[in-house]
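Note sheet for the following structure.
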There are 2 protein chains.
Amino acid sequence: MQMTSDLMTIRQMCDAFDVTPRTLRFYEAKELLFPQRDGTRRMFTRRDRARLTLILRGKRFGFSLEDIRQILDLYDRDGSNHAQTIRTYELAQARLAQMEAQRAELDVAIAELKAELDAGGAMIAGLRRAAE
Amino acid sequence: MQMTSDLMTIRQMCDAFDVTPRTLRFYEAKELLFPQRDGTRRMFTRRDRARLTLILRGKRFGFSLEDIRQILDLYDRDGSNHAQTIRTYELAQARLAQMEAQRAELDVAIAELKAELDAGGAMIAGLRRAAE
DNA sequence: AGATTGCTTGACGTTAACGTAAATGTAACG
DNA sequence: CGTTACATTTACGTTAACGTCAAGCAATCT
């Protein structure tokens, strides 16, 4: 019950987030996480956990790790570097446009596939009737 | 104006479907297409074009080429194999459910990112005012 | 004939996101 | 102190869907 352990080992992280050690090391190599070290061992901070949550969410959304890294950087900017902040902001806007385009395409694909399935459904109903 | 040309060269195919020669050769290697040969050259038939249309549609739906190959093979089985047809149908339905879930998550992601950007926008407006 | 196109078949290169194995380190248990 | 249990780094392997040469044949233009 010490307040020291705001820190988690790699295994605790793996259990908590259902990822492999390799994944966490990989994310560190890609500069998505920045665990401290206890000697040679990684100790993940609260901040790492917050970032990992966002990373996994981003992945569910279909973002690449590189996309995610850039977006996380956006969250990080303590507002000191104005020019960079603005550039990042514009980048995020571009990304948003991409996402909306992607959603539009997805909508079309879903509509088409639904139409396919409706046709197929009728065919299969026919097969079922014929089979009786 | 000869009726001979139900056949198309690789370049005609590329222009018609907006794909590269490499792609068509790749699809042939993967047994998704079966062009005839005029000597050494590929000649794509009406059937190849029909298949390619389905392949590209499948890709828009997010199916892998391997998935697509299996589905095309099922269409080929002249409809004699009802069980397989039904399995394919179910597979497509599952895929549709995936896509709709993905869209739902994407909607959330877009909303979140928009909120982030609104906050960032206000911040940047503030910065601009401070800079004057 | 020579040169230009366009097609062919290899066959290695690329990207993303890790998996997997090897060699080594170290901390705690008994 | 020896073994077990995890940890670390290094580095090669994997999958999908082509891209990108390289080298050579074949028909066509000049």
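Points worth noting:
- Set of lysines near residue B:114 by C-alpha distance (under 28 Å), chain-local residues within fewer than 8 positions excluded: A:30, A:59
- Here each label is just a point 7 Å from Cα along the line to Cβ, and for residue A:57 and residue B:100 those points are 2.5 nm apart.
- Teacher prompt: residue A:21 distances to equivalent labels in other copies, 7 Å Cα→Cβ, nm: 5.0
- The other copies place their residue A:56 label points at 4.0 nm from this one, listed shortest first, where each point is 7 Å from Cα along Cα→Cβ.
- Between copies, residue A:36 shows label-point distances of 7.5 nm, shortest first, with the point placed 7 angstrom from Cα along Cα to C-beta.
Since every read-out is calculated from the coordinates, none of them should be taken as a lab result. In this text the structure is predicted, and so the values were computed from the model without any measurement. Using ideal geometry, Cβ is built from the backbone for each residue, glycine included, and neighbour counts are taken over all protein chains shown.
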